[in-house]
Amino acid sequence: MGTPTSTADTIAQLRSRMARMHDGVPQLALETHPALAGLVQLRAGSSYAVDSASLALALMAGPSRTGSWCAVVGVGDSGAEAAYALGVDLDRTVLVPDPGDQWLEVTAALVDVVTLVVVRPPGRVPEQVAGKLAARLRKRSAALVALETRPGDWPRCEVRLTTRAPAWSGAGQGEGHLRSRRLLVEAQRGSAPPRRGALWFPAEDQTYRRAEPAAAPARVVEEAS
């Protein structure tokens, strides 16, 4: 007889498998940014939650760089320069910075026509609303990335990505410019043990990539929490 933990893990795996079989539409793998390799694999029909606009853009960059249309809803400053540096095709990106009270209708409509939607919800999303959008994602073979203001704003997500210990380097002794930022990223999927990795977002050469464990900036400026 299995332990309560192993039983819970088995149930979670079965639920995930049933969700992928819903309506007979498989959860096809989508292109994922190389910096996130080993942490998360984007799949059509799934939703993801992030606490960082940079991570949201990185998740959007994978499908975008392979020619898919994407959309950003409810993000006033979408960071066009950072998006371009990550590989987002701005010519194939729909921006709806201020949908107001119609954010849910706008998001649902865009799920029907693009491959990936990044949305910043105005607050905690009810379970019922998240469930309806999840069914729509599976039906349309689209993915959704929720940029959360508070942890748990978007329930029923496949993976939740959180950033920790952000540190900038390159400031010198009070002069010069900040040139690179190192982040620790944690990917939590259900009750499974979280995956963790260090990323340069960006590195000194303005690329976005995994950081070697031994790498450390010579001069670090901690971000205010």
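Throughout, read-outs are computed from the coordinates displayed, never taken from laboratory work. The model shown is predicted, which means the values in this text are computed figures rather than measured ones. Methodologically, a virtual Cβ is constructed for each residue, glycine included, from the backbone with ideal geometry; neighbour enumeration extends over all protein chains shown.
Just to check I understand the Karplus step: with θ = phi - 60° and J = 6.51 cos²θ - 1.76 cosθ + 1.60, what whole-Hz values come out for the stretch 123-139, glycine and proline as x?
Values, residue by residue: x, 4, 8, x, 4, 5, 5, 4, x, 5, 5, 4, 5, 5, 4, 5, 5 Hz.
Can you list the residues of the stretch 68-84 with backbone N under 11 Å from a point 7 Å past the Cα of R92, pointing along Cα to Cβ?
Within reach of a label on R92: 68-70.
Report the extension gain between A165 and A29 in nm, rounded to one decimal, defined as 0.36 nm multiplied by the number of residues separating them, less their alpha carbon distance.
46.0 nm
Once fully extended, how much extra length lies between L184 and A80, figured as 0.36 nm per residue of separation less the alpha-carbon to alpha-carbon distance?
35.1 nm
What are the residues whose amide H is under 5 Å from the amide H of S180, where those residues sit 5 or more places off or on another chain and H is modelled from the backbone?
S169
Step through the residues of the stretch 192-202 one at a time and calculate ³J(HN,Hα) from phi using the Karplus curve (6.51 cos²θ - 1.76 cosθ + 1.60, θ = phi - 60°), rounding each to whole Hz and writing x for Gly and Pro.
5, x, x, 9, 10, x, 9, 10, 8, 9, x
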